[in-house]
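Q: Structure in structure tokens, see below.
FYI, it's all coordinate maths here, none of it is from the lab. Just so it is clear, the model here is predicted, and its values are computed rather than measured. No Cβ is skipped: glycine too gets one built from the backbone with ideal geometry, and neighbour counts run over all protein chains shown.
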Amino acid sequence: MRTVYVLLTMDCETAKSDVTPYAAQMSGSGPIDYRESERSIRGYVETAKSYGFPTTLFAHPEVAVGNMELLLSLEKQGACLGLHLHPYKFKSQNYEYDLGAYSASEQREVLHRAMQVWESALGKPPEYFRAGYFSANDSTYHVLHELGFRGGSLSNPGRILPSHCSVWAGAEVYPHRAHFGFRLIKGDSDFINVPVSGAFGRPVARGHAGEQGYEWPYIPHTYDHRKIIQDVLRRFADDEPRFGTVVTDTHNDQDYSDPEHPARQNLELILQSLQEFCKEMDMLPVGITLDALCELVLKDEA
Ligand SMILES: [Zn+2]
């Protein structure tokens, strides 16, 4: 039986009370305050857990501070914590653009500052990363590695969104060692990237972030999530990848504690579809966190 890894992620955004009008216009996601954030994060983790799956939470520096106790307690219960960053949302800083717009030295500077805030709250430096909008350029992986990161979920294969410096057309689609010269191909570094899982049979001219690309399990959106899961699993059956991984994403502004909330219902539909289609295709869905998956990929190729 073929194993299908299931990586359930959440980008935990700065509360609206902490971002400037400019930042809110660059990215509208995010809870009203850290109470709403807590309800969303907790509801997501608990719903995933009720289906037997662990979670990976990428926290923006302000969320690491604002939801510190919650995050540390979820980590004790098995969640993997990472860093999330939209430079313009970073409190008390003056960055204007998405990460991929910056040079290597500028990325090093903003990431280092974000790491310090994150570490001051959570007691250790972050080792896993995802940028806002999946923004990155060819320097990003190397900079992260130099700063001590072990891996991340940085890419959204097929996405074309130059206004947010997020272009992943032609990118490697399965978990892999990053290439430090060119972000779209496999390399031989010790930094592991786990792409989100695109439904390449379901192209979109304009997705939820305004991108050209493919439907993917971005939970809050009105995509047909059942068909997305089926499309992704059929690709795994054809490609027989070493680490076929279904990677979902969402934000901490959806009330996953409410069984009637559309995002909660989409999450349950995704998890139920996974179980159903895996059974049909003789696959075994195995929940995993990003740190554990990066270790597997590192060891596999060593
Ligand atoms: Zn974000």
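Q: How many angstrom lie between the C-alpha centres of the stretch 264-302 and the stretch 217-238?
A: Each part reduced to its Cα centre gives a spacing of 12 Å.
Q: Which residue fluctuates the most in the chain, going by a Gaussian network model with Cα springs under 10 Å, if the choices are Glu127, Glu13, Glu260?
A: Largest GNM mean-square fluctuation: Glu260.
Q: Another question, if that's okay. Scan around Asp224 for amide H atoms under 5 Å from its own, H built in the peptide plane at 1.01 Å from N, and keep only partners 5 or more places away or cross-chain.
A: none
Q: OK, next. Between Ile185 and Ser103, what is the label-point separation in nm under the 7 Å Cα-to-beta-carbon projection?
A: Placing both labels 7 Å beyond Cα along the Cβ direction yields 2.6 nm.
Q: Using the charge dipole of the stretch 19-108 (Lys, Arg: +1 at Cβ; Asp, Glu: -1 at Cβ; taken about the Cα centre), state which of Val65, Thr47, Gln25 has its Cα farthest towards the positive end.
A: Projecting each Cα onto the dipole axis, the largest value belongs to Thr47.
Q: Given axes a ≥ b ≥ c from the Cα gyration tensor, I'd like to know whether the chain is rounded (a/c under 1.5), prolate (a/b larger than b/c) or oblate.
A: rounded
Q: Please list, in chain and number order, the residues 5+ apart from Gly151 or on another chain whose amide H is under 5 Å from its amide H, with Hs placed from the backbone.
A: Amide H neighbours of Gly151: Phe129, Ile192.
Q: Of the cross-linked pairs Lys49/Lys76; Lys49/Lys124; Lys186/Lys299; Lys227/Lys279, which ones have a Cα-Cα span greater than 21 Å in the structure shown?
A: Among Lys49/Lys76; Lys49/Lys124; Lys186/Lys299; Lys227/Lys279, the Cα-Cα distance tops 21 Å for Lys49/Lys124.
Q: Would you kindly state how much longer the chain becomes between Leu298 and Tyr22 on full extension, computed as 0.36 nm times their sequence separation minus their alpha carbon distance, in nm to one decimal?
A: 95.4 nm
Q: On to the next question. For the peptides 100-111, 185-196, what is the packing order when you average, over each peptide's residues, the other Cβ atoms within 10 Å and list the highest mean first?
A: 185-196, 100-111
Q: Related question: Along the three principal axes, how long is the stretch 20-151 when you take its alpha carbons, biggest first, rounded to the nearest angstrom?
A: If we take the Cα atoms of the stretch 20-151, the spans are 42, 33, 26 Å.
Q: Let me know the charge dipole size of the chain about its Cα centre in debye, to the nearest 20, where only the beta-carbon of Lys, Arg (+1) and Asp, Glu (-1) is charged.
A: So the magnitude is around 160 debye.
Q: Applying the Karplus parametrisation 6.51 cos²θ - 1.76 cosθ + 1.60 with θ = phi - 60° to the phi angles of the stretch 50-62, what ³J(HN,Hα) value in whole Hz is obtained for each residue in order, glycine and proline being reported as x?
A: Result, ordered by residue: 5, 9, x, 10, x, 10, 10, 10, 8, 9, 5, x, 5 Hz.
Q: Each residue of the stretch 283-290 in turn: what ³J(HN,Hα) in whole Hz from Karplus with 6.51, -1.76, 1.60 and θ = phi - 60°, glycine and Pro shown as x?
A: Rounded to whole hertz, the list is 10, 10, x, 10, x, 8, 9, 5.
Q: Continuing with this model, one more query. Per-residue HN-Hα couplings for the stretch 157-166, Karplus 6.51 cos²θ - 1.76 cosθ + 1.60 at θ = phi - 60°, whole Hz, x for Gly and Pro?
A: Working through the residues one at a time gives x, x, 5, 10, 9, x, 4, 10, 6, 10 Hz.
Q: So, R0 is 30 Å and r is the distance between the beta-carbons of Asp138 and Asp224; what FRET efficiency does that work out to, to 0.05?
A: 0.30
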